[in-house]
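Working notes, structure below.
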Amino acid sequence: VKVYRRKRDLLCAGLTEAGYKFSRPEGAFYLFVKSPIPDDMQFVKMLLRKNILVVPGSSFGGPGYFRVAYCVDDATIINSIKGFAEAIKEAQSFKAN
C-alpha cells in the first residue's frame, strides 16, 4: 500500500502544480482528472502526442475527464509531468481561440 500511496502522491503533486483538477483517490491505482477542454477524447490525443497514455473518461461514463493509472515506475510518473504541463497549456490556448 505504501508504494501506491507514494506513486499517487507523486502524480497528484505534479498534476496539481500543472493546474489539473481531480479528487485524490483513497484506494485503487488510478485517478480521474478533469480535462481542461470539454472534449476528453481530443485532450487524450493531445496527451498522446506527449507520449502519455491515458484513457478518456467517456469510456467509463465520465465525459470531460480522463483516467490515468499510476501503477508504473516512479520514473514514468516523474517523466510524464512535463508533458502533462505542456498539454494543459496547449489546451488553455486552444480554448482561448
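The values are calculated or read from the model by the stated rules, or taken from the named source; none is laboratory data. No experiment lies behind these values; they were computed from the predicted model shown. A quick note on method: Cβ atoms are made from the backbone with ideal geometry, for glycine too, and the neighbour counts reach across all protein chains shown. When the accessible area is computed, the model is the full protein with side chains, heavy atoms only, and any ligands, DNA or RNA have been set aside. Shrake-Rupley method; radii C 1.70, N 1.55, O 1.52, S 1.80 Å.
Brief remarks follow.
- Sole exception among (1) at pLDDT below 95; (2) in contact with a helix residue (DSSP H, G or I) (Cβ under 9 Å, 6 or more places away or on another chain) for Phe60, by number: (2)
- When residues in segment 61-79 are screened for being within 19 Å of Ser23 (Cα to Cα) and not in a strand (DSSP E or B), 7 of them pass.
- Whichever residue in segment 17-58 is outside any loop (DSSP other than H, G, I, E, B) and open to solvent by 60 Å² or more (accessible area, probe 1.4 Å) and, among such residues, is farthest from Val1 (Cα to Cα): Gln42
- Restricted to segment 60-83, and to residues there that are open to solvent by 80 Å² or more (accessible area, probe 1.4 Å) and not β-branched (Val, Ile, Thr), the residue that is farthest from Pro36 (Cα to Cα) is Asp73.
- The residues of segment 63-91 that are of a type in the set (Phe, Trp, Tyr) and closer than 19 Å to Val3 by Cβ amount to a single one, Tyr70.
- Residue within segment 84-94 that is among the polar types (S, T, N, Q), open to solvent by 10 Å² or more (accessible area, probe 1.4 Å), at pLDDT 95 or above and part of a helix (DSSP H, G or I) present: no
- Cross-chain or 6+ apart pairs with Cβ under 6 Å, segment 1-23 first and closer than 19 Å to Lys34 by Cβ, then assigned to a loop (DSSP other than H, G, I, E, B) and open to solvent by 70 Å² or more (accessible area, probe 1.4 Å): Cys12/Arg24
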